[in-house]
Amino acid sequence: MREIAVGTRTTPGYLVKVLQHLGRAGILSAQRGRQGGFTLERAPAEITVLDIINAVDPFDRINFCPLGLEQHGTDLCPLHRSMDETIATLEANFRNITIASLLRTPTRSTPLCGGLVSATLSAGEHRGDADAAIQVLSNSS
């Protein structure tokens with residue numbers, strides 16, 4: 001767990017919370033022990049960036065005046081309506097980006113967590129899916 005936290009530049013405590021959220025959302029499962037780690041519960045092609053965002057820290061849509069102006073009620077001013085539309089656009093875009101598509105996108109950038117993430121696009125390494133797999137490995141959990 002410490003290696004993943006260092007590789008992703010976060011604290012172990014925060015990482016545990018994120019992984020718990022992902023587990024509760026049915027995105028990851030954890031296996032304890034020396035050979036333990038984390039495994040995706042769905043195919044990478046079925047997990048969107050929005051799924052992950054919603055599991056950890058969902059976007060807050062603007063449904064009423066954030067300034068609390070009663071005269072605005074649910075009729076947003078042009079600025080807040082524009083801000084809410086921008087959030088809706090982000091949600092729509094992230095709903096269309098899957099983990100598999102990110103892995104398949106060529107890049108010259110080095111992944112943040114380097115060798116800690118084993119990304120394989122081969123058969124049989126994901127529960128219930130023979131198309132694609134990712135496994136986040138950790139020596140301790």
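The values are calculated or read from the model by the stated rules, or taken from the named source; none is laboratory data. Keep in mind the model is a prediction, meaning the values are calculated, not measured. As a convention, Cβ positions derive from the backbone with ideal geometry for all residues, glycine included, and neighbour counts pool all protein chains shown.
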- Query: What pairs can you find where one residue is in segment 8-25 and modelled with pLDDT under 90, the other is loosely packed, with under 13 Cβ neighbours inside 10 Å and in a helix (DSSP H, G or I), and their Cβ atoms are less than 6 Å apart, with a gap of 6+ or different chains?
  - Reply: Pro12/Arg2
- For the subset of segment 42-58 comprising residues that are among the hydrophobic types (A, V, I, L, M, F, W, C) and assigned to a loop (DSSP other than H, G, I, E, B), which member is surrounded by the most Cβ atoms within 10 Å (Cβ to Cβ)? Ile47
- Is it the case that some residue within segment 7-24 is touching a Ser or Thr at 6+ places or on another chain (Cβ under 6 Å), crowded, with 16+ Cβ neighbours inside 10 Å and under 24 Å from Ser101 (Cβ atoms)? no
- Query: Right, Gly73: out of contact with any Leu (no Cβ under 8 Å at 6 or more places or on another chain) and on the phi > 0 side of the Ramachandran plot or not?
  - Reply: yes
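Within segment 25-41, how many residues are assigned to a loop (DSSP other than H, G, I, E, B) and among the β-branched types (Val, Ile, Thr)?
Final tally of qualifying residues: 1.
Per-residue answers, yes or no, for (1) among the charged types (D, E, K, R); (2) part of a helix (DSSP H, G or I); (3) closer than 28 Å to Ala43 by Cα:
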{"site": "Asp60", "(1), (2), (3)": "yes, no, yes"}
{"site": "Asn63", "(1), (2), (3)": "no, no, no"}
{"site": "Pro66", "(1), (2), (3)": "no, no, no"}
{"site": "Thr74", "(1), (2), (3)": "no, no, no"}
{"site": "Ser82", "(1), (2), (3)": "no, yes, no"}
{"site": "Leu90", "(1), (2), (3)": "no, yes, yes"}
{"site": "Asn93", "(1), (2), (3)": "no, yes, yes"}
{"site": "Leu103", "(1), (2), (3)": "no, yes, yes"}
- Take the residues in segment 64-98 that are of a type in the set (D, E, K, R) and touching a residue at least 40 places away in the same chain (Cβ under 8 Å), then tell me which one is surrounded by the fewest Cβ atoms within 10 Å (Cβ to Cβ). Arg95
